[in-house]
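Remarks on the structure that follows.
The values are calculated or read from the model by the stated rules, or taken from the named source; none is laboratory data. Treat the numbers as computed from the prediction; the structure is a model and nothing was measured. So basically every Cβ, Gly included, is an ideal-geometry build from the backbone, and we count neighbours across all protein chains shown. Accessible surface is based on the protein model in full, side chains and every heavy atom, while ligands, DNA and RNA are left aside. Shrake-Rupley method; radii C 1.70, N 1.55, O 1.52, S 1.80 Å.
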Amino acid sequence: MPAARTRLSPLDAAFLALESEDAPMHVGWAALFAPPTEGPRPDFDAIRSHIEGRLGRAPRYRQKLAEVPWGLDDPIWVDDPKFDIALHVRRASGGDFGQLVDEVMSAPLDHDRALWELWIAEQLDDGQLGVVGKAHHCLVDGLAAVELMSLLLDVGRSPETDPPNSWSPAPGPSPLDLIGGAVSHQLGQALDLARVPLSWAREPTRLLSLPGRARRAALATAHTVVPPAPPSRLNGPMASARHLAVHARPLEDLKLIKQRFGTTVNDVLLSASAGALRGLLEHRHEPLQDVKAMVPVSIDDGAQARLDEQWGNRIAFLFLVLPCEETDPVWRLREIHVAMRQRKLGGEPEGSGAVLDALGYAPRTLRRAVSRMLASAQVSNLTISNIPGPQIPLYLMGCEVTHAYPAVPLTNGHGISIGMTTVGGQACFGVYAQAELADDAELIARGIDEAIEELLARCQEVPIAPRAARSRTRG
């Protein structure tokens, strides 16, 4: 059955507009699988056939974007009449997984077809099976990228059998259809605005003055732009080549720190990242300074199940100054916990979402300008994203997934991002960087591990802390 035609949301359209030749906006991941304990190792053809048989679960992955003539509105998703699984599930040559990851992540996706790819390495040098995947950020957020992997995996060693897939593409829209749809969409937005006072309709951003939203939106906006991001080695001119530095350690280590100090796993990630960035500055003999991070936060309230045609992004962004100047790892963690807790209790994620919702009523040119401003190096130095993953064993045709390292996109002017996802009992860190900062990425990956070790060592010195922690002022 063909998937419904859906227009990009304002946020997803922003992700599309942010892409450039040197800043491809795909979300990526690199997964490793242990060989099967019973039966033969699956070959590439069998894996591709397996994946093709599962695509009925995610109709969006057989669609591409159709641009509206003259840029009258944002693009819409339409069935790809030339969809060919061979263009999206590719065989990787060679057994060096790190090299494969860097090559795949350095190449942009082709916008003339469905915006995702999976590269399969049947046998790596260490005997494992590797899968490198990427999907455009306008198609999926980090969590939905994990969901895509879950579509390909099973909870048992024997794969489930889907019913025969009889998909055929729906006829594409004509230019006149696209124009008519754009006009209809714009009229619909105008009618939405007509339901609020006329003075608000003249100024879409005044929608934020609806009860309960103005204060949250104001706080989110204030923390977005103030303070500005300081100059940093993390920021500068872009180039297309990429590198992914990876590290993994037991998730229980992060949970122990969380429980001991009364924080969250995400706080531990942010604190470890701050410690690693401090270590990078020390290693490079550069002045110590705090760093400003953009932290994606899910605002999906679960009120309505995500249907196949609704795959996309429902996230907001918090902007947080990481206390890299702080020498004590425990106080770094507590300061971050207090700041994040205050932001969330103050409703800033929802306020940020309200700003994005209001921008949906603004002209397309204004939305693009605001998107570029929010994603600029003047607003944040890097993105740090925690992407929850499956906590149970999962298998690809009998091969158990052991690690899955995320690659968080780099927007223009940003040289490094940090992502973490969880697979089974492993916390997998991916430090994604421009190739010229590859050494820095490796230092940060090791630094995250060392910062977690420091916190683990301190866990023995203190009793379990209460839920709320008090911060101190740094000298």
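What residue, of GLU436, GLU442, GLU400, is part of a strand (DSSP E or B) and of a type in the set (D, E, K, R)?
Going through GLU436, GLU442, GLU400 in turn, the sole match is GLU400.
From (1) open to solvent by 10 Å² or more (accessible area, probe 1.4 Å); (2) closer than 20 Å to GLN128 by Cα; (3) in contact with a strand residue (DSSP E or B) (Cβ under 8 Å, 6 or more places away or on another chain), pick out the condition that doesn't hold for ALA30.
Exception for ALA30: condition (1).
Take the residues of segment 408-444 that are under 26 Å from ARG41 (Cβ atoms) and among the hydrophobic types (A, V, I, L, M, F, W, C): which is modelled with the lowest pLDDT?
Among them, the one singled out is VAL423.
When you go through ILE76, ILE47, ILE51 one by one, which is the residue that is over 29 Å from LEU18 (Cβ atoms), hydrophobic (A, V, I, L, M, F, W, C) and either buried (at least 19 other Cβ atoms within 10 Å of the Cβ) or touching a helix residue (DSSP H, G or I) at 6+ places or on another chain (Cβ under 6 Å) (or both)?
From the options ILE76, ILE47, ILE51, the qualifying one is ILE47.
Which residue, of ARG113, ARG157, ARG48, is within 19 Å of HIS26 (Cβ to Cβ), in contact with a strand residue (DSSP E or B) (Cβ under 7 Å, 6 or more places away or on another chain) and either in contact (Cβ under 8 Å) with a residue 60 or more places away in the chain or in a loop (DSSP other than H, G, I, E, B) (or both)?
ARG113
Tell me yes or no: at least one residue of segment 128-143 is farther than 30 Å from SER417 by Cβ, modelled with pLDDT under 80 and in a helix (DSSP H, G or I).
Within segment 128-143 (the criterion being farther than 30 Å from SER417 by Cβ, modelled with pLDDT under 80 and in a helix (DSSP H, G or I)), the answer is no, since none of the residues qualifies.
Name the residues in segment 13-44 that are more than 30 Å from ASP74 (Cβ to Cβ), among the hydrophobic types (A, V, I, L, M, F, W, C) and touching a helix residue (DSSP H, G or I) at 6+ places or on another chain (Cβ under 8 Å), would you?
Listed by number, the residues that qualify are ALA30, ALA31, LEU32.
Name the residues in segment 276-301 that are under 14 Å from GLY447 (Cβ atoms), open to solvent by 80 Å² or more (accessible area, probe 1.4 Å) and of a type in the set (D, E, K, R), would you?
Hit for segment 276-301 is GLU282, nothing else.
Which residues, taken from segment 247-265, are within 18 Å of ALA404 (Cβ to Cβ) and assigned to a helix (DSSP H, G or I)? Steps first, answer last, please.
Taking segment 247-265 and keeping what is within 18 Å of ALA404 (Cβ to Cβ), we get 247-254, 265.
Matches in segment 247-265: LEU251, GLU252, ASP253, LEU254, VAL265.
Confirm whether ARG372 is open to solvent by less than 60 Å² (accessible area, probe 1.4 Å), touching a helix residue (DSSP H, G or I) at 6+ places or on another chain (Cβ under 9 Å) and at pLDDT below 95.
When the stated conditions are applied, ARG372 does not pass them.
ILE448 - would you say it is open to solvent by less than 10 Å² (accessible area, probe 1.4 Å), at pLDDT 95 or above, more than 17 Å from HIS137 (Cβ to Cβ) and among the β-branched types (Val, Ile, Thr)?
yes
Quick check on my filter: what residues within segment 414-441 are open to solvent by 10 Å² or more (accessible area, probe 1.4 Å) and of a type outside the set (S, T, N, Q)?
VAL423, GLY424, GLY425, ALA435, GLU436, LEU437, ALA438, ASP439
In the list SER93, SER106, which residue meets the criterion of being exposed (fewer than 14 other Cβ atoms within 10 Å of the Cβ), more than 19 Å from THR402 (Cα to Cα) and of a type in the set (S, T, N, Q)?
After ruling out the rest, the residue left standing is SER93.
Might you check whether a residue that is charged (D, E, K, R) and touching an Asp or Glu at 6+ places or on another chain (Cβ under 8 Å) occurs anywhere in segment 366-374? So that I can check it myself, show each step before the final result.
Step one: filter segment 366-374 for residues charged (D, E, K, R), giving 367-368, 372.
Within this subset, residues satisfying the condition of being touching an Asp or Glu at 6+ places or on another chain (Cβ under 8 Å) are none.
Within segment 366-374, not a single residue is charged (D, E, K, R) and touching an Asp or Glu at 6+ places or on another chain (Cβ under 8 Å).
Looking at (1) in contact with a Lys or Arg (Cβ under 9 Å, 6 or more places away or on another chain); (2) farther than 29 Å from MET238 by Cα, find the lone condition where ILE120 falls short.
(2)
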